[in-house]
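Student: I have a structure I would like to understand better, so I am pasting it below and will then ask my questions one at a time.
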Amino acid sequence: MSDYQPKILGFLCNWCCYTAADSAGVGRYQYPPSLRVVRMMCTGRLDPSFPLEGLANGADAIFVGGCHPGECHYIDGNYHALVSAALVHETLERIGISKDRFLIDWASAAEGPNFVKIITRFTEQAAELGPLGQAEGMDQEELRQKLLKAAEVARNKKVRTNLISASRAMMKSGDFSRPAIADLVAAKCDKNLTALLGGGAV
């Protein structure tokens with residue numbers, strides 16, 4: 001593992017992943033101290049601009065943690081979080097940032113050890129990537145400006161409408177696999193993302 005200590009911003013669901021992190025602490029499980037946590041009621045409330053702004057403001061990587069699919073306190077919030085996450089991954093790829101800097105994963109309230117494993121693995125991955133820009137071979141300030149623009153694009157009304165359409169299509173199809181959701185988001189958002197960000201679907 002690299003000696004670099006990455007700065008990781010985490011958005012954790014109140015009911016599951018945050019509680020798992022808390023139980024890991026109570027149980028004195030050891031994991032890297034790189035994670036700074038924002039507590040959310042549900043990952044379904046994750047605005048796709050938040051991870052992009054987090055990276056723009058100094059984080060090296062972003063983690064989103066919630067309840068296992070099918071166990072959401074708000075029924076299907078984490079499925080919709082996967083749609084937002086797919087937009088973040090699509091956007092990162094378009095602006096030349098490694099998609100490995102962003103992870104969404106699950107840990108129930110009783111899974112403190114699983115949370116530790118997830119964060120440890122992700123921290124090691126982020127450490128290997130190094131500071132934002134190093135793995136990408138790009139200037140940090142240039143990347144910061146791209147990320148701020150990307151966050152603005154993620155708040156664009158047309159892109160939001162595309163995301164709602166992707167969420168509806170996902171729920172209708174019943175296919176909650178990440179590749180299927182990524183394809184849906186890419187298809188629904190490509191035109192507006194290309195117009196606002198450039199890049200285009202590969």
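Student: If Ala150 meets every condition in (1) farther than 18 Å from Lys7 by Cβ; (2) out of contact with any Leu (no Cβ under 6 Å at 6 or more places or on another chain); (3) buried (at least 22 other Cβ atoms within 10 Å of the Cβ); (4) not aromatic (Phe, Trp, Tyr) apart from one, which number is that one?
Tutor: (2)
Student: Please enumerate the residues belonging to region 43-67 that are in a loop (DSSP other than H, G, I, E, B), open to solvent by less than 10 Å² (accessible area, probe 1.4 Å) and either among the polar types (S, T, N, Q) or in contact with a Phe, Trp or Tyr (Cβ under 9 Å, 6 or more places away or on another chain) (or both).
Tutor: Leu46, Asp60, Cys67
Student: Residues in region 157-172: is at least one out of contact with any helix residue (DSSP H, G or I) (no Cβ under 6 Å at 6 or more places or on another chain) and β-branched (Val, Ile, Thr)?
Tutor: There is at least one residue in region 157-172 that is out of contact with any helix residue (DSSP H, G or I) (no Cβ under 6 Å at 6 or more places or on another chain) and β-branched (Val, Ile, Thr).
Student: Shifting gears a bit: Looking only at region 68-107, which residues are in a loop (DSSP other than H, G, I, E, B) and either out of contact with any Gly (no Cβ under 8 Å at 6 or more places or on another chain) or surrounded by fewer than 24 Cβ atoms within 10 Å (Cβ to Cβ) (or both)?
Tutor: If we filter region 68-107 for residues that are in a loop (DSSP other than H, G, I, E, B), which is where we start, we get 68-71, 73-74, 76, 95-98, 107.
His68, Pro69, Gly70, Glu71, His73, Tyr74, Asp76, Ile95, Gly96, Ile97, Ser98, listed by residue number.
Student: Sort out which residues of region 28-40 are surrounded by fewer than 17 Cβ atoms within 10 Å (Cβ to Cβ) and assigned to a loop (DSSP other than H, G, I, E, B), and write them in order of number. Explain how you work it out, then say what you get.
Tutor: Kept after step one, since they are surrounded by fewer than 17 Cβ atoms within 10 Å (Cβ to Cβ), are these residues of region 28-40: 28-30, 33, 36-39.
Scanning region 28-40 gives Arg28, Tyr29, Gln30, Pro33.
Student: Please find, among Arg28, Arg39, the residue that is at pLDDT below 95, more than 23 Å from Ala182 (Cα to Cα) and of a type in the set (Lys, Arg). Break it down into steps so the answer makes sense when it comes.
Tutor: Working: Arg39 fails: at pLDDT below 95.
Sole residue among the options that is at pLDDT below 95, more than 23 Å from Ala182 (Cα to Cα) and of a type in the set (Lys, Arg): Arg28.
Student: How about region 27-50: which of its residues are over 20 Å from Asn14 (Cβ atoms) and in contact with a strand residue (DSSP E or B) (Cβ under 9 Å, 6 or more places away or on another chain)?
Tutor: The answer is Pro32, Ser34.
Student: Something else now. Can you find even one residue in region 128-143 that is of a type outside the set (A, V, I, L, M, F, W, C) and under 17 Å from the mean Cα position of the chain (by Cα)? Step through it out loud before you land on a result.
Tutor: Within region 128-143, the subset of a type outside the set (A, V, I, L, M, F, W, C) is 128, 130-131, 133-134, 136-137, 139-142.
Subset that is under 17 Å from the mean Cα position of the chain (by Cα): none.
Among the residues of region 128-143, not one is of a type outside the set (A, V, I, L, M, F, W, C) and under 17 Å from the mean Cα position of the chain (by Cα), which makes the answer no.
Student: Something else: Under 9 Å by Cβ, and 6 or more places apart or on different chains, what pairs join a residue from region 172-198 that is part of a loop (DSSP other than H, G, I, E, B) with one that is open to solvent by less than 40 Å² (accessible area, probe 1.4 Å) and not β-branched (Val, Ile, Thr)?
Tutor: Phe176/Tyr79; Phe176/Leu82; Phe176/Met170; Leu197/Arg94; Leu197/Ala150; Gly198/Arg94
Student: Now for a separate question. Working only within region 121-167, note down all residues that are closer than 19 Å to Thr194 by Cβ, among the charged types (D, E, K, R) and part of a helix (DSSP H, G or I).
Tutor: Lys146, Lys149, Glu152, Lys157, Lys158, Arg160
Student: Looking only at region 10-27, how many residues end up being outside any loop (DSSP other than H, G, I, E, B), out of contact with any Gly (no Cβ under 7 Å at 6 or more places or on another chain) and open to solvent by less than 40 Å² (accessible area, probe 1.4 Å)? Let's see the steps before the verdict.
Tutor: Start the filter on region 10-27 by keeping residues that are outside any loop (DSSP other than H, G, I, E, B), which leaves 10-13, 17-26.
Within this subset, residues satisfying the condition of being out of contact with any Gly (no Cβ under 7 Å at 6 or more places or on another chain) are 11, 18-19, 21-22, 25-26.
Narrowing the set further to residues that are open to solvent by less than 40 Å² (accessible area, probe 1.4 Å) leaves 11, 21.
Total meeting the criteria: 2.
The values are calculated or read from the model by the stated rules, or taken from the named source; none is laboratory data. Since this is a predicted model, take the numbers as computed values, not measurements. Positions of Cβ are backbone-derived with ideal geometry, glycine not excepted, and every protein chain shown enters the neighbour counts. For accessibility, only protein heavy atoms count, side chains too; no ligands or nucleic acids. Shrake-Rupley method; radii C 1.70, N 1.55, O 1.52, S 1.80 Å.
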